[in-house]
Structures are given as C-alpha cells and as structure tokens.
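The values are calculated or read from the model by the stated rules, or taken from the named source; none is laboratory data. Being a predicted model, the structure only gives us computed values, none of them experimental. Here the Cβ is made from the backbone with ideal geometry for all residues, glycine too, and neighbour counts use every protein chain on show. All accessible areas refer to the heavy atoms of the entire protein, side chains included, with ligands and DNA or RNA removed. Shrake-Rupley method; radii C 1.70, N 1.55, O 1.52, S 1.80 Å.
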Protein chains: 2
Amino acid sequence: MSGSDHGTHGSVAVQSGRAADTVIAELEQQIVTGALENNAPLPAERNLMEQFNASRTVIREAIATLSSRGLIESKPRYRPIVRKPDYVTALTAVGGIVRHLLSEHGGVKNLYDSRVFIERALVREAALSAQKDDIGLLRQALAENESAISDSDAFYATDTAFHGVLYRIPKNPIFPAIHEGYKSWLAPHWEKMLRSPERNLVNFKSHEAIFTAIVERDPDAAEEALVNHLKAAWEYVRVTFDTDQL
Amino acid sequence: MSGSDHGTHGSVAVQSGRAADTVIAELEQQIVTGALENNAPLPAERNLMEQFNASRTVIREAIATLSSRGLIESKPRYRPIVRKPDYVTALTAVGGIVRHLLSEHGGVKNLYDSRVFIERALVREAALSAQKDDIGLLRQALAENESAISDSDAFYATDTAFHGVLYRIPKNPIFPAIHEGYKSWLAPHWEKMLRSPERNLVNFKSHEAIFTAIVERDPDAAEEALVNHLKAAWEYVRVTFDTDQL
DNA sequence: TCTCGCTTTTTGGTATGACCAAACTTATAA
DNA sequence: TTATAAGTTTGGTCATACCAAAAAGCGAGA
C-alpha cells in the first residue's frame, strides 16, 4: 500500500525511535513462540521487507542485531538460521565481551577463581545430595578419566567431562551452561599447557579423591579435595608459561 | 578514493564475508584500547564511513551489532556512547535472552535456585574469610536494613544492598555483576509481591542471623540461615501470586 | 555577562534502486 | 541416473535522497 511514502514510515513504526526495533521484537517473538521454526532458515530479506513493510536497511539491521544476540546464526553468504535460545546460547552471546575482560589485568584469574568457587559449592552439594545415578555417572566419568591417563588429549576431554557431571547434579540447566562458558573461555589458557601422563595421573588422583569424598557424603572433604585439585592446576599453569598477570 | 567503484568494494574488505565485520573488529579494538574514549560519543556515521571507506549501510550494521554487544550504548536518536565493557555490561547484554528463558517452564525457579546456590557458597565464604572491613560493611548494611523496616520500598533496597555486600566479599568483580543480573532478572517477580512491615521484620531477622553466623565464623550456620531466608522468601512469593509454574 | 529562545547545521533513521558474486535451482547433456 | 551448465534467487554493498530530531550557533533581552 502506498508506494510513495518516503521518510514518512508506513504502518510499522507505530511508536518511537527505530523501526528496526519493531522488526527485532517481532522476529524475536516469532522465534521464541516457534512461529519461525527452530533451525530453519529465516525468510529471505526481500520477503521480510514485504512482511514488515520496511526497507531492506531496516530488515538487515534487525537481522544483524538478532544475530549478535544469538537468536539467529548467520554465516557470511548463507541464509540465516533460526536458533531458539537456551542458556548456552546466552553464554556464548557474551563470549566476545568476556574474552576482552579476560585480557585485562587479573581477568583470567578472576574467572578461574569464580570457577573454583562454583565447583566448591558443587562438590559440597554433590556430597550432600547426589542421587544414585549421579554417583553412577560420576563413577563412569572417573573410570573413563583413568583409562585415558596415557593419552593426554583424551585425558583433557575426560577431565572436563568429569567436572561436567558435577555441574549436572543440581538438575539446573544454568549450571551446565556455566560449565560450557568456563570450558570455552578458560580452554585457550589450558591447551597451551604441556600435558604429561605424570600430571594426568596426579589429576586423576584428585578426581578420585573428590569422588570418594562425595560417595562418603563428606562435603568438607570433597570441597577440600576440589580446592587442592584446582589450586594445584592453577599454580601449574601460572608457573608454566605466564608470568603472573593472568 | 575513486568515486566510481561500485560493488567492487574499496580497500576495506580485504578478506572474507562481511565488510561490517572488519569495521566491528576495528571499532571493538579502538574501544577496548581506549583509542575511542570511554563514555564519549562515537564519531558521526558519516565520519566513520570516511574513516573506514565504507558505505553508511556497513557502518550502521557495525554500530547495531556493537550496540547489542554492549560495547556501545545507543538511544534512538542520539549519538551512540562508547562503553568500555565490564562484567555488568556482559551480563546485561544477555538480559534479553535470559528474560525469554525465564518465561519458560521453571525458568524463574531455576534462576532463583542458582541464586540460592551461589549465596550459600557466598555466606560460607564470608564466614570463613571475611575481613574486618567486610564485617563492617555487613554490619552497616544490616543497620540500614533494620531502620527501614517500616518503609517497605526502602526495605527492599536495603535488603538487596545487604545481599550485595555478600557478593563483594570475594573481591572478584564477577560476583557483583552476577548480583546485578539477579537483581534485574528476578526483581520483576518480587516487586509485585505485597510487602509489609511484618514480613520486613522477618527478613531483617534472617539477615541478622546470617550476619551473626558470619561474625561467629560458623559457615554451616550461615549457610543454614541463608537457605531458610531465601527458601522462605520463595515460598512466600510462590504462594502469593503465581500458581507454581515459575 | 549570562540566559533564554530561535535559526541553522548536523546527524541518525529510512527508503530506493542498482549491482555483484556466491548460493541455490533447474534444465540439459552425457 | 548423474554430472554439468545455464538461469534464478538472495545476501552484501554502495550511492543518493529526505525527514525529523539533536546539537550547535546566535542574537535579543535581563
């Protein structure tokens, strides 16, 4: 309707400021409600401009924003993909900023400390109220960790997997998401670390101690074992290759 | 310069995909390094297009993206403001997504549980290693909380302030940021709750109990007091106005 | 001299229309 | 049936134009 309204926006921008905001809000809605199917490609821009009666400029801006919010995933020349948000998405959306923060003084240390803090509470919680199947998963993760002692790459994977089980014990999706965050943000600083079967063994022993304490329902022991484990790892990393300004 | 290269982009997009990405990266750099002064307005779009030898489209897209990443704060018709990122910024950047997640089944409950989880660990930590000045701040916050019992609005403020002190004890900027997150995400569900001097008194008593336990260096007691406090509050909110699908 | 209100001048928000190159489709030849 | 070539979207950009609200000047009055 009306092909001649120029700056005088059409029917979309009913209220204030940016028309893009309207489009953003609308698309956001359609995504979360499922009107736009998850993992499906977004309609073509030229379609959207018709649907929203807006210019490509506006549509494009909306897409860019939604993309950086993690609600849609857009590779350079491809059709954007709809991504229904979850806690992991939320975390990765801040990835960029966090990475900057980490590069500042004490950034990595702060993040690592927070991890220690969380996991301390996690193991206490585990010791206090882990279910049978939680223990089972823990035992299994521990076993896999042990059998990978000689293979440093595999060990790293089983190591994080073991810790991952801890994050899943509270049955709260927020924690696994946090774990993902730690993995992706801290990993770069870990991967550079020289691994060896000797150190792997040490770490495995730590895991074992944590596990034992949990099984014995001893939160204090579990916490202590966890702290020793993570503090030692930190010291090792710190001494290994970074001066002290992590 | 060359005023006649059309689709054949100029000198910016040296490599792949989107020219906007280049601009984004560059501006991001300038922001974190301080080349673009913090809290100062961003250069005008028309300047940026000159500086980056890019079209307005691309500049605009970059700005939109940086904005939703929290590196720039842009009100509708005003000049965007440069915001050097901090942990709070990072958190608020995910605010939108989180709000969606909260509206889903159990969303609020999960977030609240995570808060309880964190604060349990926080009070333990406080009981274990709060410094004299930490205790001082706590005492002060408690006093202000007490003197606001009769004024529900003020009480709410002093309440969160008291908890805020807890988040600051570990001297890790990540925790205060998390607290900000909880405040802004959980607040909407709290503000609707009917407050009364009676309930305020109850809550104050809880704070007092927590404080006492911390002063007495009794982490278990502190944790217990905290749990009772928060669980009670949750129950109250839950019973008050929401069925049970928070 | 300082302030308030009125012009200009900027500057953000949008709309159009074009064009290119890479994706995607479809028709065609092997 | 499959490999391939031709044709058609569709995302990425640029250039230009216009509007309205901000911001910056400015000049009269306190």
*When the range B:202-217 is examined, which residues are found to be of a type outside the set (A, V, I, L, M, F, W, C) and open to solvent by 50 Å² or more (accessible area, probe 1.4 Å)?*
B:Lys205, B:Glu208, B:Thr212, B:Glu216, B:Arg217
*Any chance the range B:188-201 includes a residue that's on the phi > 0 side of the Ramachandran plot, charged (D, E, K, R) and open to solvent by 50 Å² or more (accessible area, probe 1.4 Å)?*
no
*Within the range B:184-203, is there a residue that is in the same structural domain as B:Ala154 (by TED's automatic domain parsing), within 15 Å of B:Ala157 (Cβ to Cβ) and touching a Leu at 6+ places or on another chain (Cβ under 9 Å)?*
yes
*Scan of the range A:90-109 for residues that are open to solvent by 50 Å² or more (accessible area, probe 1.4 Å) and not polar (S, T, N, Q), ordered by number*: A:Arg99, A:Glu104, A:His105, A:Lys109
_Which numbered condition A:Pro80 fails, given (1) in the same structural domain as A:Val215 (by TED's automatic domain parsing); (2) closer than 30 Å to A:Ala35 by Cα; (3) in contact (Cβ under 8 Å) with a residue 12 or more places away in the chain_ = (1)
*Output the residue which, of all residues in the range B:75-89 that are at the interface with another protein chain (Cβ under 9 Å from one of its Cβ atoms) and either in a helix (DSSP H, G or I) or open to solvent by less than 30 Å² (accessible area, probe 1.4 Å) (or both), is farthest from A:Ser103 (Cα to Cα).*
B:Thr89
*Assess whether A:Arg120 counts as being open to solvent by 30 Å² or more (accessible area, probe 1.4 Å), more than 16 Å from DNA strand D (Cβ to nearest atom), modelled with pLDDT of 95 or more and part of a helix (DSSP H, G or I).*
yes
*Can you tell me how many residues in the range B:152-183 are away from every other protein chain (no Cβ under 14 Å) and in contact with a Ser or Thr (Cβ under 9 Å, 6 or more places away or on another chain)?*
4
*Criterion (under 16 Å from the mean Cα position of the chain (by Cα), more than 16 Å from DNA strand C (Cβ to nearest atom) and of a type in the set (S, T, N, Q)) met by exactly one of B:Ser103, B:Ser114*: B:Ser114
*Would you mind stating whether B:Thr57 is open to solvent by 60 Å² or more (accessible area, probe 1.4 Å), assigned to a helix (DSSP H, G or I) and either away from every other protein chain (no Cβ under 12 Å) or in contact (Cβ under 8 Å) with a residue 40 or more places away in the chain (or both)?*
no
